[in-house]
1. Residue under question is Ala55, and the condition is that it be under 27 Å from Cys142 (Cβ atoms), modelled with pLDDT of 95 or more and within 17 Å of the chain's Cα centre (by Cα); does it hold?
2. Does Cys56 count as in the same structural domain as Gly146 (by TED's automatic domain parsing), of a type outside the set (Phe, Trp, Tyr) and out of contact with any Phe, Trp or Tyr (no Cβ under 6 Å at 6 or more places or on another chain)?
3. If I ask for residues that are part of a strand (DSSP E or B) and not β-branched (Val, Ile, Thr), which ones from segment 13-47 would you list?
4. Which one of these does Gly62 not meet: (1) crowded, with 16+ Cβ neighbours inside 10 Å; (2) within 15 Å of the chain's Cα centre (by Cα)?
5. Considering Ala154, Ala63, Ala98, which residue is in contact (Cβ under 8 Å) with a residue 12 or more places away in the chain, of a type outside the set (Phe, Trp, Tyr) and under 27 Å from Asp38 (Cβ atoms)?
6. Can you give me the number of residues within segment 48-80 that are assigned to a strand (DSSP E or B) and either under 15 Å from Val23 (Cβ atoms) or touching a helix residue (DSSP H, G or I) at 6+ places or on another chain (Cβ under 9 Å) (or both)?
7. Return the residues of segment 87-117 that are in contact with a helix residue (DSSP H, G or I) (Cβ under 6 Å, 6 or more places away or on another chain) and farther than 13 Å from His140 by Cβ; say none if nothing qualifies.
8. List every residue pair whose Cβ atoms sit under 6 Å apart, with the two residues 6 or more apart in sequence or on different chains, where the first one lies in segment 5-31 and is over 24 Å from Ala87 (Cβ atoms) and modelled with pLDDT under 95 and the second, anywhere, is in a loop (DSSP other than H, G, I, E, B) and not aliphatic (A, V, I, L, M).
Amino acid sequence: MKKLEVGELARISLCVNGAQHTVSVEPRTTLGDCLRNDLGLTGTHLGCEHGVCGACTVHVDGATARSCLMLAAQAQRYEIHTVESLACNGELNDLQQAFRELHGLQCGFCTPGILMTLTELLRDMPEATEEDVRLALSGHICRCTGYQNIVAAAMRTLESRRTVHERA
């Protein structure tokens, strides 16, 4: 890898939400900043920028990661998915719909990161309990909801998916 001169931009390629993107960024640019500022994917929110609040959570090769703690250049060899990838053809997925119907969001700032974490949990633990949901949410800070409706939305989605699976 070529050493960059001071002020020189790094040209990187990222696979985000199934599409390949090539951008020029400062070497210190975080994945979160690149997603928002260079790719226009503003669903990923940047809160604390220290990995504490969880608002910037995305999927990196299917696993949750804090995009404020990862450099964009580090993400080149991975498949990145943001909250924008959850809806299909503009239709909310079942988890997003449950959030909407059960008022699992208020200001919405933390919602994208929470949705990404719950998406991983529901995919990897289809038999998750309410305790599992609450544990998964422990890495997220939400000042508005008190988490009750968020947990209810996750549980409704889990129960709905179990019912569909049992019928199949």
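1. yes
2. So Cys56 does not fit the description; no.
3. Ser13, Leu14, Cys15, Ala19, Gln20, His21, Ser24
4. (1)
5. On the way: Ala154 fails: under 27 Å from Asp38 (Cβ atoms); Ala98 fails: under 27 Å from Asp38 (Cβ atoms).
Only one candidate passes the filter, namely Ala63.
6. 10
7. Within segment 87-117, Asp94, Leu95, Ala98, Phe99, Leu102, His103 meet the criteria.
8. Partner pairs satisfying both residue conditions: Ala10/Pro27.
The values are calculated or read from the model by the stated rules, or taken from the named source; none is laboratory data. Not measured: the values here are computed from a predicted model. Methodologically, a virtual Cβ is constructed for each residue, glycine included, from the backbone with ideal geometry; neighbour enumeration extends over all protein chains shown.
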